[in-house]
Each structure stands twice: as structure tokens, then as C-alpha cells.
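*Asks:* Below is a structure I'd like to ask you about.
The values are calculated or read from the model by the stated rules, or taken from the named source; none is laboratory data. Because the structure is predicted, anything quoted here is derived from the model rather than measured. Cβ coordinates were reconstructed from backbone atoms using ideal geometry, including for glycine residues, and neighbour counts include every protein chain displayed. Ligands, DNA and RNA are stripped out before the accessible areas are found, and what is left, the full protein with its side chains, is counted by its heavy atoms. Shrake-Rupley method; radii C 1.70, N 1.55, O 1.52, S 1.80 Å.
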Amino acid sequence: MDEDFGLDRIDEVIHGRMRLGIMAYLASAGTADFSSLRTRLHATDGNLSTHLRKLEEAGYVRQVKSVLGRRPITHISITDAGRAAFVAYLDAMRQLLDAMS
């Protein structure tokens, strides 16, 4: 393994399984509503909310709440900073895997 590879290159905000799933989905879709994201990731409301808050605090996603008819709806989208962080995360993971081979 390449001794120059530092694990500190792995973004811990993204690295959690649920947050990685959120970022991967949004990197492809761009925007999703909370219900669709919850269903796609097999998450509970509370679990998804917690992980979205952490990603939002890091500036990686944006949540916009509105009302459709009488129903509240939350749209989540990846930010430019989030997309850049996700690409950097994937690059770091590729480097780690390459260093192991």
C-alpha cells in the first residue's frame, strides 16, 4: 500500500453509508423530494432528516420546503460544493483502492 495515502483524504461527512447513498443519488438526480429519497434509501424519516442536516451543515445539499396543495413537501438538491466534495471523495477512494493493489 502506498504509504503516502492519508486516510484524512476521505471526507467523513460523506463517508457514512446513508450520507454516501444520499450524495450518490443526488449526484445523479440533481434534486429529489424527501419521500422519494426516503423510499429509495430505505430510511426512516428521522434517520434521513439527521443525515440531511449534517450534509446541509457542510454545505453539500440544500433543502427547500414548500406546500403542494395542503401537503408539505421538501425538495433536496446537491449544491456545487456538494458535487465537488463528492467527486473529491470518489477520487480519494479510487486512490486508496489503487494504492492497495
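*Asks:* Of all residues in region 8-58, count the ones that are at positive phi and more than 13 Å from the chain's Cα centre (by Cα).
*Replies:* If we filter region 8-58 for residues that are at positive phi, which is where we start, we get 30, 42.
From what is left, the residues that are more than 13 Å from the chain's Cα centre (by Cα) are 42.
Result for region 8-58: 1.
*Asks:* Have a look at Ser28, Ser36, Ser101 and point out the one that is open to solvent by 70 Å² or more (accessible area, probe 1.4 Å) and modelled with pLDDT of 95 or more.
*Replies:* Every option except Ser28 fails the conditions.
*Asks:* Does region 56-71 contain at least one residue that is open to solvent by less than 60 Å² (accessible area, probe 1.4 Å), in a helix (DSSP H, G or I), touching a Leu at 6+ places or on another chain (Cβ under 7 Å) and not basic (Lys, Arg)?
*Replies:* At the first step, the residues of region 56-71 found to be open to solvent by less than 60 Å² (accessible area, probe 1.4 Å) are 58-61, 63, 66.
Right, trim to in a helix (DSSP H, G or I) and you get none.
Within region 56-71, none of the residues are open to solvent by less than 60 Å² (accessible area, probe 1.4 Å), in a helix (DSSP H, G or I), touching a Leu at 6+ places or on another chain (Cβ under 7 Å) and not basic (Lys, Arg).
*Asks:* Quick test of your reading of the structure: Ile76 fulfils all but one of (1) without any contact (Cβ under 8 Å) to a residue 40 or more places away in the chain; (2) of a type in the set (A, V, I, L, M); (3) crowded, with 16+ Cβ neighbours inside 10 Å. Name the failing condition by number.
*Replies:* (1)
*Asks:* Given Asp98, Asp33, Asp91, Asp80, which one is acidic (Asp, Glu) and over 30 Å from Asp8 (Cβ atoms)?
*Replies:* Working: Asp98 fails: over 30 Å from Asp8 (Cβ atoms); Asp91 fails: over 30 Å from Asp8 (Cβ atoms); Asp80 fails: over 30 Å from Asp8 (Cβ atoms).
Every option except Asp33 fails the conditions.
*Asks:* Conditions: (1) in contact with a Ser or Thr (Cβ under 6 Å, 6 or more places away or on another chain); (2) open to solvent by 30 Å² or more (accessible area, probe 1.4 Å). Arg94 meets all but one. Number of the miss?
*Replies:* For Arg94, the exception is condition (1).
*Asks:* What's the total number of residues in region 39-55 that are open to solvent by less than 40 Å² (accessible area, probe 1.4 Å) and assigned to a loop (DSSP other than H, G, I, E, B)?
*Replies:* 1
*Asks:* Here's something else I'd like to know. Being out of contact with any strand residue (DSSP E or B) (no Cβ under 9 Å at 6 or more places or on another chain), of a type outside the set (Lys, Arg), modelled with pLDDT under 95 and open to solvent by less than 60 Å² (accessible area, probe 1.4 Å) narrows it down to one of Ile10, Ile14, so name that one. Let's see the steps before the verdict.
*Replies:* Working: Ile14 fails: modelled with pLDDT under 95.
Only one candidate qualifies: Ile10.
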